[in-house]
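K.L.:
Here it is, the structure in full.
The values are calculated or read from the model by the stated rules, or taken from the named source; none is laboratory data. Note that the structure is predicted; figures quoted are calculated from it, not measured. Virtual Cβ from ideal backbone geometry, glycine too; neighbours counted across all protein chains shown.
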Amino acid sequence: MLDAQRLQVLAEVARAGSIASAARRLAFTPSAVSQQIGKLERDLGCEVLHRHPRGVTLTPVGQALVSHAEAVTGELRAAEQTVQAMLGTQPRRLAVGTFASAGQSLVPGALARFRRHHPDVALSLTDLEPPDGYGLVISGDLDLLITHRYPGMPLPDPRGLHRQLLLHDPLRIVLPADHPKARSARLGVSDLADEEWISGGVGEPNRVSLELAARSAGSRPHIAYETRDYQVTLALIQAGLGIALVPASVLGHTGRPGVTFRPVEGLALARAIYLVHRKRATALVTDIKTMITDINPSSPGSAIG
């Protein structure tokens, strides 16, 4: 039978991307982590990691094993929490993972309200770029994950977790305020075929959505500036350097100085924002979900997966 601690070490190495980083997170020495992985490989009779000068990558066996390792870690933590709750010794904590723009616009108000209602709970927030984070929920490192899916991108396997649609966040065409087409009542991607666009790199979700919209309009966007940071994107637009598709939640209700935005004519483009947690949600997770939904009342509240 495989050793549970060695599986936990493998899961941490997979998340950290290197033995040294995993050792820091686990408060082990790198040598101790290497020994645990070596023992696991001897138990299995094969390698689980490819060692490189700059870190490690998982072998096919390692990749297959990590999802089981995360599940084992999560079940062990759940068992420990059950006993602690029965004995009245369970530490109260809530760990939330979110992507950057939700961390700016959707989460702060809910966390502030949660803090007022639960001043004794230790709160933590981790910045994660989707689709990362599902494994951290499975392992119990996160209690709640806020994640998204852009048009044209696949929706990750929920891997036995509960995934609830929070809201649809429309994508807007954003232009410099003095752009010749800034006053157009209707604006489609085809009207901007000759413009310089600002978007993420190849394969980035917002880039995929832009290219999808352009294809449907029979055009191909010229990507002049590559960034996935929407604050950088807005700064470039304010400087008059290009245009972009930006989620409405990033813009807020009043927009930003120096820019204007319009709906995408003829296309219902929006990123879907989800809440993800283990199926047996704790009372604290239920509370924070309610607070996030109350602050974002467009939530349809439908469960998926």
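K.L.:
Any residue at all in segment 6-28 that's in the same structural domain as LEU128 (by TED's automatic domain parsing), buried (at least 18 other Cβ atoms within 10 Å of the Cβ) and among the β-branched types (Val, Ile, Thr)?
P.N.:
There is no residue in segment 6-28 that is in the same structural domain as LEU128 (by TED's automatic domain parsing), buried (at least 18 other Cβ atoms within 10 Å of the Cβ) and among the β-branched types (Val, Ile, Thr).
K.L.:
Name the residue that is surrounded by the fewest Cβ atoms within 10 Å (Cβ to Cβ), counting only residues in segment 134-164 that are among the basic types (Lys, Arg) and under 24 Å from LEU212 (Cβ atoms).
P.N.:
For segment 134-164, the residue satisfying everything is ARG149.
K.L.:
In addition: So is THR286 surrounded by fewer than 18 Cβ atoms within 10 Å (Cβ to Cβ), within 21 Å of the chain's Cα centre (by Cα), not assigned by TED's automatic domain parsing to the domain that holds ILE173 and not in a loop (DSSP other than H, G, I, E, B) or not?
P.N.:
yes
K.L.:
Here's another thing I want to ask about it. Got a sec? Which of ALA112, ALA32, ALA122, ALA79 is over 25 Å from the mean Cα position of the chain (by Cα), loosely packed, with under 15 Cβ neighbours inside 10 Å and either polar (S, T, N, Q) or not assigned by TED's automatic domain parsing to the domain that holds LEU10 (or both)?
P.N.:
Sole residue among the options that is over 25 Å from the mean Cα position of the chain (by Cα), loosely packed, with under 15 Cβ neighbours inside 10 Å and either polar (S, T, N, Q) or not assigned by TED's automatic domain parsing to the domain that holds LEU10 (or both): ALA79.
K.L.:
Six or more apart or on different chains, Cβ under 6 Å: which pairs go from a residue in segment 114-126 that's touching a residue at least 40 places away in the same chain (Cβ under 8 Å) and over 12 Å from VAL96 (Cα atoms) to one that's assigned to a strand (DSSP E or B) and not acidic (Asp, Glu)? Could you list them?
P.N.:
As it stands, the answer is VAL121/LEU94, since those pairs meet every condition given.
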